[in-house]
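Engineer: Shown below is the structure under consideration.
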Amino acid sequence: METLKVLGSRLCALRKERGLRQVDIAEMLDLTQTHYQRVEKGKINIPTLTLCTLADYFGVSTDYLLGRSEERSAET
């Protein structure tokens, strides 16, 4: 699976675990819901700072979001 699709899939799963809607995350990131929806669908890339914001928000590592690790936490 390509990186953008992995990122989108993992963001979607984390969002649903918290019972949040796409619009909730979009508002937190100051994006439109449509823009964030395209992120979850793996259609567009996001800036590094947005990636870091999402990792911090969900308490996971950026490597986990990008599919470079199966470990959610950055801590070892």
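The values are calculated or read from the model by the stated rules, or taken from the named source; none is laboratory data. Quick caveat, the model's predicted, so the values are computed rather than measured. Please note: Cβ atoms are built from the backbone with ideal geometry, for glycine as well, and neighbour counts cover all protein chains shown. Side chains are part of the model used for accessible areas, which takes the heavy atoms of the whole protein and leaves out ligands, DNA and RNA. Shrake-Rupley method; radii C 1.70, N 1.55, O 1.52, S 1.80 Å.
Engineer: If we keep just the residues of the stretch 52-66 that are at negative phi and not in a helix (DSSP H, G or I), which is surrounded by the fewest Cβ atoms within 10 Å (Cβ to Cβ)?
Structural biologist: Ser61
Engineer: Separate question: If I ask for residues that are open to solvent by 40 Å² or more (accessible area, probe 1.4 Å) and either within 11 Å of the chain's Cα centre (by Cα) or among the basic types (Lys, Arg) (or both), which ones from the stretch 14-23 would you list?
Structural biologist: Selection gives Lys16, Arg18, Arg21.
Engineer: Pairs needed: first member in the stretch 1-25, more than 11 Å from Phe58 (Cβ to Cβ); second member anywhere, in a helix (DSSP H, G or I) and open to solvent by 60 Å² or more (accessible area, probe 1.4 Å); C-beta distance under 7 Å; at least 6 residues apart or different chains.
Structural biologist: Gln22/Gln33; Gln22/Gln37; Val23/Gln33
Engineer: Just to check your reading of the model, which residue among Leu11, Leu49, Leu4 is open to solvent by 70 Å² or more (accessible area, probe 1.4 Å) and part of a helix (DSSP H, G or I)? Reasoning before the result, please.
Structural biologist: Working: Leu11 fails: open to solvent by 70 Å² or more (accessible area, probe 1.4 Å); Leu4 fails: open to solvent by 70 Å² or more (accessible area, probe 1.4 Å).
Residue meeting the stated conditions: Leu49.
Engineer: Assess whether Ala26 counts as being crowded, with 16+ Cβ neighbours inside 10 Å and over 16 Å from Val6 (Cα atoms). Break it down stepwise before answering.
Structural biologist: On the way: crowded, with 16+ Cβ neighbours inside 10 Å: yes; over 16 Å from Val6 (Cα atoms): yes.
Yes.
Engineer: What residue, among those in the stretch 33-44 that are surrounded by 13 or more Cβ atoms within 10 Å (Cβ to Cβ) and polar (S, T, N, Q), is farthest from Arg10 (Cα to Cα)?
Structural biologist: This residue is Gln33.
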